[in-house]
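Scroll down for the structure; my scribbles are underneath it.
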Amino acid sequence: MIDWIEHLQSLRGEFDEFIEVMLVTIASVRGSAPREVGARMIVTPTQTIGTIGGGQLEYQCSRIAFEHLRDYPVPKAFWRRFPLGSDLGQCCGGVVEVLFERFVRSDCRWFDELQHFYQASEPLVMATSSDNKYLISADNTYSLNDSELSDEVLSVARAMLGERHGSARSIEHAEQQYLLEPFTETDMQVAIFGAGHVGSAVVAALSKIDCRIRWIDNRRNIFPASLPPRVTRVDSPDPAREVHAMPPGAFFLVMTHSHPLDYDICQQVLERNDFAYCGLIGSVTKRRRFEKLMRDCEMPASSLERLSCPIGIGGISGKRPDEIAISVAAELLTIRDALRVDQGYDHGQPLTIVAKSGRP
């Protein structure tokens, strides 16, 4: 979810004390736009990292960021409004507000606090205005310049902590604009059994989206030396036992080096019956063999129907690991979004809250 945190941390490690960067963030969207509220890129004097959607919007925002890094010591934060159709010639046609934040390393106390919460997986909301930044948890509020956040904005932020699928929001209060961004535990928990070529490709693909991955294998020295963020390596002599370490609603991908082990894991998952997805790598023939064995063990037909094998979306026949990984990632995202819609959440439409004053 939060690649920019890792990118910013790597920049801090590479540069000396006077590193200057501009965080460029989509703060509000009306109508159609290339990216959602909260999308962010980092601009330094020599490069851009990440994307806010490409095209003219990103080009113009990059140009503005470069100019302010080069020529303007102040202001440190400002907002710009971009009508995508009339001003930028983009077919999206919506209106986007963009927040530009310029800071040097000495301004990074808020970032150290954010990292602390992020690494501890403690939910919080980050509130950004033109002159301050706040980190709001269930019990505390951190302010970059020690000023207090209004009760109205604080109330909205604290309410976001309890939302299961919260998205970033722009609000106005007392003629001040705020961007509120939730950093809560992802609802997409994935267990991947098998660290072979396909398993490695699937981990690489899924680690770029908002999920947490438990990567499980029983072979020695099979895992790479370093892992992507939000991926936990599990060396287990009995991988099937790890099925019960996952929470309800988890996604399971079974792709070990052993068909008997694949069978044991799938049986454990299907017996739980509280999962979002159980995918088994293999052919239709492999599926039929597993189904027969499970029926012989009196596995209900309703549970067998929940086994996905072969895995991946239809229409992709390639068998290279990266092709399988792309297909599987698309299938999991399709299921995730369908579940969220069933729960009354449309992740594609971030909310814009109107202040009590009634200003639009």
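It is to be established whether one or more residues within region 290-299 are part of a loop (DSSP other than H, G, I, E, B) and either in contact with a Gly (Cβ under 6 Å, 6 or more places away or on another chain) or touching a residue at least 12 places away in the same chain (Cβ under 8 Å) (or both). Among the residues of region 290-299, at least one is part of a loop (DSSP other than H, G, I, E, B) and either in contact with a Gly (Cβ under 6 Å, 6 or more places away or on another chain) or touching a residue at least 12 places away in the same chain (Cβ under 8 Å) (or both), which makes the answer yes. Applying the set (1) among the aromatic types (Phe, Trp, Tyr); (2) surrounded by fewer than 16 Cβ atoms within 10 Å (Cβ to Cβ); (3) modelled with pLDDT of 90 or more to PHE15 leaves exactly one unmet item: (3). Only one of the numbered conditions (1) under 19 Å from ARG336 (Cα atoms); (2) surrounded by fewer than 18 Cβ atoms within 10 Å (Cβ to Cβ) is violated by LEU227, and that is (1).
Scanning region 149-175 for residues being closer than 20 Å to TRP79 by Cα and within 24 Å of the chain's Cα centre (by Cα) gives a total of 5. Checking the structure you have, find out if any residue of region 20-41 is loosely packed, with under 15 Cβ neighbours inside 10 Å, modelled with pLDDT under 75 and not in a helix (DSSP H, G or I). The answer is no, given that none of the residues of region 20-41 is loosely packed, with under 15 Cβ neighbours inside 10 Å, modelled with pLDDT under 75 and not in a helix (DSSP H, G or I). Residue pairs whose Cβ atoms lie under 6 Å apart, sitting 6 or more positions apart in sequence or on different chains, and linking a residue in region 241-265 that is within 11 Å of ALA276 (Cβ to Cβ) and modelled with pLDDT under 95 to a partner that is surrounded by fewer than 22 Cβ atoms within 10 Å (Cβ to Cβ) and not charged (D, E, K, R), are PRO247/GLN189; GLY249/ALA276. Can you spot a residue in region 73-82 that is surrounded by 18 or more Cβ atoms within 10 Å (Cβ to Cβ), at pLDDT 90 or above and not small (Gly, Ala, Ser)? So far as region 73-82 goes, yes, one or more of its residues are surrounded by 18 or more Cβ atoms within 10 Å (Cβ to Cβ), at pLDDT 90 or above and not small (Gly, Ala, Ser).
Inside region 255-279, residues that are assigned to a loop (DSSP other than H, G, I, E, B) and among the polar types (S, T, N, Q) make up a count of 3.
The values are calculated or read from the model by the stated rules, or taken from the named source; none is laboratory data. What you see is a predicted model; the values in this text were computed from it and never measured. Cβ sites come from the backbone with ideal geometry, for glycine too, and all protein chains shown count toward neighbours.
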